[in-house]
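Student: Handing you this structure, nothing more for now.
The values are calculated or read from the model by the stated rules, or taken from the named source; none is laboratory data. Everything numeric in this text was worked out from a predicted model, so none of it was measured. Methodologically, a virtual Cβ is constructed for each residue, glycine included, from the backbone with ideal geometry; neighbour enumeration extends over all protein chains shown.
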Amino acid sequence: MLKIGLTGGIGCGKSTVSTLFSSFGIAIIDADDISRDLVQPQQPALEKIQQLFSQDIVAKDGALDRHKLRDIIFSDRHAKKQLEALLHPMIADAIQTKAASLEGAYCIISIPLLLEANMTNLVDRILVIDCPVDIQIERTKKRDNLATDKILAIINSQASRAAKLLQADDFIDNSESAGKLAEQVKKLHNLYISISQ
């Protein structure tokens with residue numbers, strides 16, 4: 001099975017593109033979903049995060065306080081590296097296990113930090129979703145209700161647009177209409193079907 005690594009900066013529309021691929025019956029493996037599962041209450045990863053970042057990283061209901069953790073890792077580079085060293089190998093293992101259980105011509109593996117986490121060995125092709133920074137900020141504000149400086153901190157912590165595009169086998173420009181986006185996805189769907197045969 002052909003494995004397509006889908007990546008792009010925050011607010012570029014990775015989820016929208018994944019949904020469009022899934023409308024063709026294509027399986028989607030989402031690293032963010034895996035990451036969320038790994039840090040559920042009573043999971044070993046959550047206990048290790050608590051050991052790293054103190055007890056108050058967990059809310060009263062036993063769930064991870066994501067906002068607190070995000071504030072810590074985007075203000076402390078060492079803390080970010082510690083968290084990544086803990087979670088990335090677990091995420092990579094879970095992706096490989098899921099991919100091995102799938103059937104079909106190809107699957108989409110959505111990994112926002114595909115390049116930054118050195119997970120390119122998990123995929124056969126890299127698909128980058130891209131749009132200008134001002135659109136990233138606007139979309140992320142609307143979706144996550146974050147301040148501009150926090151969004152910029154996240155953007156600056158990710159690989160640059162140029163670095164991503166340099167690594168891309170395929171590219172989607174998500175700065176225009178929903179119709180144009182769907183058109184680009186359909187073209188790539190046809191390409192991946194033909195490559196996989």
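Student: Go through the residues of segment 78-101 one by one and say whether even a single one is at pLDDT below 95, of a type in the set (Lys, Arg) and either under 22 Å from residue 189 (Cβ atoms) or surrounded by fewer than 12 Cβ atoms within 10 Å (Cβ to Cβ) (or both).
Tutor: Yes, because at least one residue in segment 78-101 is at pLDDT below 95, of a type in the set (Lys, Arg) and either under 22 Å from residue 189 (Cβ atoms) or surrounded by fewer than 12 Cβ atoms within 10 Å (Cβ to Cβ) (or both).
Student: Right, another one. Step by step: first the residues of segment 38-58, then only those that are part of a loop (DSSP other than H, G, I, E, B) and of a type outside the set (A, V, I, L, M, F, W, C), then the one that is modelled with the lowest pLDDT. Which residue is that? Don't jump to the end; show me each part of the working.
Tutor: Of segment 38-58, the ones part of a loop (DSSP other than H, G, I, E, B) are 39-43, 54.
After this cut, where a residue has to be of a type outside the set (A, V, I, L, M, F, W, C) as well, the list is 40-43, 54.
Values: 40: 91, 41: 89, 42: 85, 43: 87, 54: 76.
Only one residue tops the list, namely 54.
Student: Turning to a different aspect of this structure: Among the residues of segment 72-87, is any under 23 Å from residue 163 (Cα atoms), among the aliphatic types (A, V, I, L, M) and in contact (Cβ under 8 Å) with a residue 60 or more places away in the chain?
Tutor: Checked segment 72-87: no residue is under 23 Å from residue 163 (Cα atoms), among the aliphatic types (A, V, I, L, M) and in contact (Cβ under 8 Å) with a residue 60 or more places away in the chain.
Student: For residues that are surrounded by 20 or more Cβ atoms within 10 Å (Cβ to Cβ) and closer than 19 Å to residue 35 by Cβ, scanning just segment 123-148, find the one that is modelled with the lowest pLDDT.
Tutor: Per the criteria, the residue is 140.
Student: Mind listing just one residue for me: the one in segment 23-36 that is more than 11 Å from the chain's Cα centre (by Cα) and in contact (Cβ under 8 Å) with a residue 24 or more places away in the chain and, of those, surrounded by the most Cβ atoms within 10 Å (Cβ to Cβ)? Even if it seems obvious, please write down each step before you answer.
Tutor: First, pick out the residues of segment 23-36 that are more than 11 Å from the chain's Cα centre (by Cα): 23-28, 36.
Retained after the next criterion (residues that are in contact (Cβ under 8 Å) with a residue 24 or more places away in the chain): 24-28.
Working: 24: 13, 25: 9, 26: 20, 27: 17, 28: 17.
Of everything passing the filter in segment 23-36, 26 is surrounded by the most Cβ atoms within 10 Å (Cβ to Cβ).
Student: For segment 30-45, indicate whether the set of residues that are under 24 Å from residue 149 (Cβ atoms) and either touching a His at 6+ places or on another chain (Cβ under 9 Å) or among the acidic types (Asp, Glu) (or both) is non-empty.
Tutor: Within segment 30-45, one or more residues are under 24 Å from residue 149 (Cβ atoms) and either touching a His at 6+ places or on another chain (Cβ under 9 Å) or among the acidic types (Asp, Glu) (or both).
Student: Consider residue 61 carefully, then state whether it is outside any helix (DSSP H, G or I) and surrounded by fewer than 18 Cβ atoms within 10 Å (Cβ to Cβ).
Tutor: Working: outside any helix (DSSP H, G or I): yes; surrounded by fewer than 18 Cβ atoms within 10 Å (Cβ to Cβ): yes.
Judged against the criteria, residue 61 is a match.
Student: Now for a separate question. Could you go through segment 145-152 and let me know if any residue there is within 22 Å of residue 13 (Cβ to Cβ) and either among the small types (Gly, Ala, Ser) or touching a strand residue (DSSP E or B) at 6+ places or on another chain (Cβ under 9 Å) (or both).
Tutor: Among the residues of segment 145-152, at least one is within 22 Å of residue 13 (Cβ to Cβ) and either among the small types (Gly, Ala, Ser) or touching a strand residue (DSSP E or B) at 6+ places or on another chain (Cβ under 9 Å) (or both), which makes the answer yes.
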